[in-house]
Structure formats: C-alpha cells, structure tokens
1. Quick test of your reading of the structure: ASP272 fulfils all but one of (1) more than 15 Å from the ligand (Cβ to nearest atom); (2) part of a helix (DSSP H, G or I); (3) open to solvent by less than 50 Å² (accessible area, probe 1.4 Å). Name the failing condition by number.
2. Looking at (1) more than 16 Å from the ligand (Cβ to nearest atom); (2) closer than 28 Å to GLY96 by Cβ, which one does SER187 not meet, given that it meets all the others?
3. Enumerate the strands (runs of 3 or more DSSP E) found wholly within segment 37-146, keeping only those where 3 or more residues are open to solvent by less than 40 Å² (accessible area, probe 1.4 Å).
4. Could you please find all residues in segment 24-36 being surrounded by 15 or more Cβ atoms within 10 Å (Cβ to Cβ) and either of a type in the set (Val, Ile, Thr) or in a loop (DSSP other than H, G, I, E, B) (or both)?
5. Step by step: first the residues of segment 469-521, then only those that are more than 19 Å from the chain's Cα centre (by Cα) and among the acidic types (Asp, Glu), then the one that is most open to solvent (accessible area, probe 1.4 Å). Which residue is that?
6. Is it true that GLU279 is closer than 28 Å to TYR491 by Cβ, not aliphatic (A, V, I, L, M) and not in a loop (DSSP other than H, G, I, E, B)?
7. Which condition breaks for GLY479 when tested against (1) at pLDDT below 95; (2) over 23 Å from LYS225 (Cα atoms)?
8. Keeping to segment 153-199, report how many residues are closer than 20 Å to THR107 by Cα, of a type outside the set (Lys, Arg) and not in a loop (DSSP other than H, G, I, E, B).
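The values are calculated or read from the model by the stated rules, or taken from the named source; none is laboratory data. Predicted model, so just to flag it, every value in this text is computed and none were measured. Counting neighbours? That spans all protein chains shown, and the Cβs are built from the backbone with ideal geometry, glycine included. Heads up: the accessible areas ignore ligands, DNA and RNA and are worked out on the full protein's heavy atoms, side chains in. Shrake-Rupley method; radii C 1.70, N 1.55, O 1.52, S 1.80 Å.
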Amino acid sequence: MLSPCHAQVSPSICNSAARLAAWSDTLIGNINGIQASADGRIEHFGSLLIGDDGRVKQVMANRNPRLSRFDHMINGEGRTMLPGLIDAHGHVTDFGFAALHLNLVGTSSLDDLKQRLRTYAAAHPDARWVIGFGWNQELWPEKRFPTSADLDAVVPDRPVVLERVDGHGLVANGAAMKAAGVTADTSSPPGGRIDNGFFVDAARGLIDKAVPPPTPAELDLALAKAQEILLGFGVTGVGSMSTSVVDWETFRRAGEVGRLNVRLMSYLLGADSMKAVPEPTPWLYGDRLRAVGIKLFADGALGSRGAWLKRPYADKPDTRGLQFHSDAEMLSLADTAAAHGFQIATHAIGDAANAQIISVYERLSKKYGRDRRWRIEHFQIVDPVDIPRLAPAGIIASMQPTHQTSDRLMAEKRLGPNRLAGAYAWQTVLKSGAKLAFGSDFPVESPNPFPGLSAAVSRQDLNGEPPGGWVPSERLTLGQALHAFTRGAAYAGFAEQKIGALEPGKWADFIIVDRDPTKVDAQSLARTLVLETWVAGKRVWSRAPSASRPERGK
Ligand SMILES: [Zn+2]
C-alpha cells in the first residue's frame, strides 16, 4: 500500500507537513505518474496534490516538490499511477449476476457446459431457476448451438436458462419452456429465431418473461459484487449500458447509502424507460451517478448472425441478419429520446445497421447540433465509405478492443476475407477525425481494461496471436489507447470536466499498478495487476498483500 509520511519520504517534506497540520490537502509524492494528454500522447507526472474535497489541486512533474502547505504526505515509492480507467460500455448488474450465477465463460465443449451445469445445480438445490451465462459454441469442437434436449439430459426437473456469451441468445430446457408456455409449435416473433430450444434476439423475450425477477436484495448484492470486481481491475467509471428502470432504482439505493464507488453514466434501456425517467438527471451522490442517455438497438450480434449486413453472410448466404427497425422507426425512436434531452447510444454491429444509424444521426445532428455526442455502440463491421461520415455529425465510435481479438476468426468466417476493411478499424476512426471511446462490453468480455489496452496497441490476443497483429495498420499507440479508456470514455458520457484525467478540478480517481505500461510489451501490458484503486481521493480497493507482486520504485 502507499505508505504514510513517516515511512521513507524526504524529511523536508514530512516536516513541513507536520508544521502545517491545519491544512487538509494530501500530497502523493514519488510516483511514476502516467496519463494520456488531450491529444493522445503519453504524459508523465511525479506527484499529485489532492484537496480534502477529493479533487485534484495540482499535478507536478517533480517527484518531491516543495510546497508551502499540505496536510498529509503519502510516499508513492516510485510506483506507477494511472488515472482511474473508464469503461465506456458495460452492463453492471448483468455482470454482478453473471458473477453470482453459473459461469459458462470459456467452456471448451458441450460436455464441459453439461458438467458445469451438473455441478452448479447440485451446489444450488434451492435455486428455483438455474441461470447461467457465457457459453460460446465457437470455442467448442462441435461448434453447434446447445439444445433443450442437451440441458434436459442434465437437469430435467427445474427450469434452466443459459445465455450465450453475446447476450443475444439463450438456450432453455424443457421445464423453462413449459414455464414460459412455449412449445415446439411456437413460432418465432419478428426479429427473432427459435432453434431446438435456442432463442435468438427477439425470441428470447418469450423465455425471459417467465424467469422470476430478482429481488431488491439480490440486485443490491449483484451491484456490490460488480463494483468490487470493477475496482479490482482499476475501473472507476462505467458507461452503464441498457440500464433498466429496476437497475436505475438499484443504483439510486446504493447512492443514497453511500455505496456507489464506481461512477455510473447510465444509458436507460429503450424509449419506454422515459416513462420512469423522463429526462436526464443531474449528477448525483458526489458525481457517482447520472442518467445521461437512452440505449437503442439497430441490430443483433455477429456470432448469432443477428448483425444486419449490407450483403449476405459469407457462411450463410440466405441471410443478411436482423434489421430491428425501419429507417423511419429508428429515426422516430432516437428523435423522441433526443427531444427529451437524452444522449442517444445505439447498438450497431453490422455494416447495414451502422449505415442506418449514421443516417439517422446525420439528420438529428442538423436538428439538435453536433455536441449531442451521438454514440454508436460497437461499430464493429463498417463499410469504409461510412467512416468519414462520423466526425461531421459529431458521432462517437464506442468500441471494445477485446471484441476484435475474440471475434477475429468468427468475423472472417461470417464475412469472408474481402469485407473486413472497416472492421474494428480504430486507427481509421481516429484518422477520420471522429472521437473514440473504449470499453469491454462486460460481461460479454472481462471488464479488465488491460487486455483491452494490449489488444488496442497490438491487435494480438493474450498469447500474441496472430504474429504481427490482425490488420496491424489499425493498431493504436499506447497514448491513443489510454486516451480512449480515460478521456475518450469520459467525453462519450459528458463527464470530461470531472473524470478521465488527473487535472486540477477533476476528481482524484486513480489506480496504482504493478508495472509501467510504457516499458513493457503487449503481452505483459495485458497482465498488469492493479494494486490499489482510489476514488475521490480515498482508497476504495487494495489487493490482498499475498497476491500482490509490486515492482518497487527504482
Ligand atoms: Zn453491450
């Protein structure tokens, strides 16, 4: 842990601190401070002065500055400090529940899924429904979607619902289908598909509505769990996507009793949310929570072939994916939310969905102005001709670097080799003059931002695959990548005056990490461990000593 004054700090600083005890500022000296500048370069600093209001007062190059007045001195022991990282796109309560429910992330085969289901069901005999999340058939040798019969073979007597890793589909067992009143004859609703107990996009609603809703106590537990894990990964701010009204109430409950440590910029799910939250809120609870926008969807996901493409899927030529709304509907939904003052964040994965929402935003930008910061979530598969349309309309690309490393092989199959020029095209987005915000889409991917930073600078996965990086011209510099995970993500949530950088007047949200990201290779960067996480000048998380492997100051 960062040690207090009397440890190993220079005596002159300690003495002056003692003499001026009436002041309550805190100086953290002797740090290897690193952050992204406004133009995406790496900036270094050596010490940080924090006011008793939890905001930054001064950022200094000198590691041991002489100051006339401050109260506490903390010796950083030369360790590396970064601003708190901001995930522009995550699902907070879903993530908390995923951590509490059956975890199927990384299952290596259908048998592995069955084994984990068997173990979890035996360990949770009281669970009325067995809920699981995170399987991905692309990682399995059989590569087929699981069926209700697969699950019935393991748990026949109570409902089981297992969500696919992208959240766009789920498989239900017979008991769950029975509870939902779904039979083999039930037809798919528009925008959805049913396939032997696998419910995709709009069809999953048939099952979802039968799952008993979580209680407030369960929701509080999920939020607490999510915050604990996020802080441990150095995430101090989140663009909280698809916030339901129930989620919003959970965030408010936590804020009321001082249990929000992660700052949440909330995007409420769908235009219907405006019945409960009719307009954006001011920042609440010391800038911990704000309803800032409405989340809309233009299409589904690529893995389940729900992404809406301009031309048919290369590996399934009879479909172009799922178009969720006509152009007129999409415009009307976004316009209605914008008229209420909300920012709009629209999920668009396929090139057709991206082109549609760009056209909508171009019109709304003329009506409401560029600084409404129109957001496209994911912006994964984009026709290169559409990328230059972002900047003039003030459209922000909110992207997730680890989607590139996870989806690369699947994307090549879905699209074929010649339609990937605008895919995961971070550098092209920046060069076009558009703003970029990074996140993870947790729980789809881990909320750990360091594999994201690593993917951003290398276009390689944790094992260094593929050699040289996938489409390496789209690599970012570390400064650009850090910018997208701090200042860019703050800007995307209208929070750049408050967070995203350690600068006078902004919150002292920062982390201490075990290595210097400017001095390690991409694989080591991905394995960076957070040692401490501070929010508003207070330490809110620290790694248990046994688990820490700090690199001491040099
Ligand atoms: Zn998402």
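1. Only one criterion is unmet by ASP272, namely (3).
2. (2)
3. Hits in segment 37-146: 47-50, 72-75, 80-83, 85-90, 130-135.
4. ASP25, THR26, ILE28, ASN30, ILE31, ILE34
5. The residue in question is ASP521.
6. no
7. Every condition holds for GLY479 apart from (1).
8. Total meeting the criteria: 10.
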